[in-house]
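> First the structure, then my questions, so here it is.
The values are calculated or read from the model by the stated rules, or taken from the named source; none is laboratory data. Since the model is a prediction, treat every value here as computed from it, not as a measurement. Here the Cβ is made from the backbone with ideal geometry for all residues, glycine too, and neighbour counts use every protein chain on show.
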Amino acid sequence: MTGANHESFSPHTTIVAAGRPPRRPGGPLNPPIELASNFHAGGDVEYYREGTALHKSLEEVIGLLEGGTALVYASGIAAANALLDRVPTGGTVVAPRVAYAGIAGRMRELHEAKRIDVTWVDVTDTAAVVAAIPGADLVWLESPTNPMLQVCELDRCLRTAREAGVPSVVDNTFATPLRQRPLELGADYVLHSATKSLAGHSDLLMGAVVCASAKEAADLAYRRNHLGNTPGALETYLALRGIRTLAVRVDRAESNAQALVPLLESHPSVLTVRYPGFGSMISIDLSDAATADAVCENVQLWTYATSLGGVESLLERRRRWAGESLDVPEGLIRLSVGIEDVDDLWADLSNAL
Ligand SMILES: *Cc1c(COP(=O)(O)O)cnc(C)c1O
């Protein structure tokens with residue numbers, strides 16, 4: 001939009017520089033929030049549901065970061081449903097057995113309604129994923145997974161899907177495009193809950209699909225208008241404002257997490273520390289649900305709340321949710337590490353432990 005050559009920039013620059021209105025004397029640096037359902041006839045946009053210039057600004061930033069064409073949605077789940085909507089009736093989706101519970105739950109509902117078939121796989125078992133791919137209609141991967149932080153061998157699995165002609169999607173919410181770019185590894189689509197690290201301030205819901213093919217993106221944009229899951233203007237503005245600081249937030253939260261991991265590993269109450277080596281998400285196993293609940297109740301700086309990827313550090317025992325996979329241990333606490341001072345974070349957490 002600015003005319004700058006973003007291909008030559010570091011992602012850290014693109015995050016700040018992309019998605020700006022054209023430079024003109026007196027023009028704003030940020031795209032305005034337009035509160036309008038409809039627009040004067042004859043222009044690029046006539047009805048808000050089609051998507052506006054503000055959406056295009058955020059989509060430009062996310063698309064450049066992932067290396068594809070982005071579309072934003074009213075939530076991560078709305079973006080996931082937009083992809084599931086394209087699976088033919090009776091088609092088969094290969095999906096992770098233990099990953100983000102909301103999407104798994106939706107797939108189970110569609111399976112029970114005979115809308116789709118689902119082949120559940122362990123994403124850490126590359127041979128099983130690869131064996132399930134031929135004949136499927138969509139391969140759905142998530143890595144690192146929520147909340148077990150399991151890592152999938154994405155390049156092998158995505159290459160197999162590509163060779164078999166099966167479209168693939170990677171939920172990249174935990175890694176962010178600053179740590180992992182699945183389209184470069186052969187994925188057809190990347191999914192984001194932009195509610196989390198991309199927007200980063202726990203004040204909105206937002207989803208994104210990034211397509212390797214611009215033609216696919218145009219088709220999804222057409223369907224987004226028909227499904228009616230276009231995000232609101234205030235949310236889109238706030239997500240664009242939030243993403244500007246993504247690089248500094250991710251770096252700081254990650255260095256905090258990397259400082260906390262060895263401290264947690266040597267703590268006598270912590271049985272297991274699950275951390276993939278990068279990013280700001282850590283899961284720890286405590287002996288049982290009651291012990292884990294007590295830790296969540298006793299923190300004073302950390303916040304006992306669901307969700308993740310915000311500037312503030314959060315924790316929760318995942319199995320308190322009925323929809324969570326039974327493969328997740330009862331005493332597992334998921335930590336979303338924020339950007340506070342790490343000594344303050346450890347003092348509070350070790351006190352609660
Ligand atoms: C939160 C989350 C989602 C769902 O996104 P919403 O914005 O809450 O609808 C999808 N995938 C992962 C990995 C998530 O953590």
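> Return the only residue of Ala136, Ala128, Ala99 being in a loop (DSSP other than H, G, I, E, B) and more than 16 Å from the ligand (Cβ to nearest atom).
Ala136
> Let me ask something else. Which numbered condition in (1) without any contact (Cβ under 8 Å) to a residue 60 or more places away in the chain; (2) over 19 Å from Ser325 (Cα atoms); (3) within 13 Å of the ligand (Cβ to nearest atom) is the only one that Val123 fails?
Condition not satisfied by Val123: (2).
> While we're looking at this one, here's another question. Residue check, Lys196 against (1) among the charged types (D, E, K, R); (2) out of contact with any Leu (no Cβ under 8 Å at 6 or more places or on another chain); (3) over 27 Å from Ala36 (Cβ atoms), all met but one. Which one?
Here Lys196 clears every test but (2).
> Can you pull out every residue in segment 121-170 that is acidic (Asp, Glu) and either at pLDDT below 95 or farther than 20 Å from Cys211 by Cα (or both)?
Asp122, Asp125, Glu153
> So Leu198 clears everything in (1) surrounded by fewer than 24 Cβ atoms within 10 Å (Cβ to Cβ); (2) farther than 28 Å from Pro329 by Cβ; (3) touching a His at 6+ places or on another chain (Cβ under 8 Å) except one condition, right? Which one?
Condition not satisfied by Leu198: (1).
> Next question, about the same structure. How many residues are away from the ligand (no atom under 16 Å from the Cβ), polar (S, T, N, Q) and assigned to a helix (DSSP H, G or I) if we restrict to segment 55-84?
Adding up the residues that qualify gives 1.
> Right, next: Just give me the residues in segment 254-281 being of a type in the set (Ser, Thr, Tyr) and more than 19 Å from Trp302 (Cα to Cα), in sequence order.
Correct list: Ser266, Thr272.
> In addition: Going through Ala199, Ala164, Ala194, Ala175 one at a time, which residue ends up being on the phi < 0 side of the Ramachandran plot and more than 14 Å from the ligand (Cβ to nearest atom)?
Ala164
> Now a separate question. Please list, ordered by first then second residue, the pairs with beta carbon atoms under 8 Å, 6 or more apart or interchain, first in segment 251-268 and closer than 16 Å to Phe174 by Cβ, second part of a helix (DSSP H, G or I).
Close Cβ pairs (under 8 Å, with a partner that is part of a helix (DSSP H, G or I)) amount to Asn256/Val342; Asn256/Leu345.
> May I pose another question? Please go through (1) out of contact with any Leu (no Cβ under 6 Å at 6 or more places or on another chain); (2) surrounded by 19 or more Cβ atoms within 10 Å (Cβ to Cβ) for Leu154 and return the number of the only condition it doesn't satisfy.
Leu154 satisfies every listed condition except (1).
> Within segment 1-18, restricting attention to residues that are loosely packed, with under 13 Cβ neighbours inside 10 Å and in a helix (DSSP H, G or I), which residue is modelled with the highest pLDDT?
Result: Ser8.
> What number of residues within segment 273-298 satisfy the criterion of being more than 16 Å from Ala257 (Cβ to Cβ) and of a type in the set (Val, Ile, Thr)?
Going through segment 273-298 one residue at a time, the tally reaches 2.
> Now, a different point. Would you point out the residue of segment 202-213, among those that are away from the ligand (no atom under 13 Å from the Cβ) and either in a loop (DSSP other than H, G, I, E, B) or free of Cβ contacts under 8 Å to residues at least 24 places away in the same chain (or both), that is nearest to the chain's Cα centre (by Cα)?
So the residue we want is Ala212.
> Looking at segment 181-191, which of the residues that are over 16 Å from Ile77 (Cβ atoms) and not in a loop (DSSP other than H, G, I, E, B) is farthest from the ligand (Cβ to nearest atom)?
Of everything passing the filter in segment 181-191, Glu184 is farthest from the ligand (Cβ to nearest atom).
> Next question. Hey, among the residues in segment 321-353 that are of a type in the set (D, E, K, R) and either without any contact (Cβ under 8 Å) to a residue 24 or more places away in the chain or farther than 22 Å from Met107 by Cβ (or both), which one's surrounded by the most Cβ atoms within 10 Å (Cβ to Cβ)?
For segment 321-353, the residue satisfying everything is Glu330.
Conditions (1) among the small types (Gly, Ala, Ser); (2) under 24 Å from Gly228 (Cα atoms); (3) touching a Lys or Arg at 6+ places or on another chain (Cβ under 6 Å); (4) buried (at least 22 other Cβ atoms within 10 Å of the Cβ), marked per residue:
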site: Asp44; (1), (2), (3), (4): no, yes, no, no
site: Thr52; (1), (2), (3), (4): no, yes, no, no
site: His55; (1), (2), (3), (4): no, yes, no, yes
site: Ile62; (1), (2), (3), (4): no, yes, no, yes
site: Val94; (1), (2), (3), (4): no, no, no, yes
site: Val130; (1), (2), (3), (4): no, no, no, no
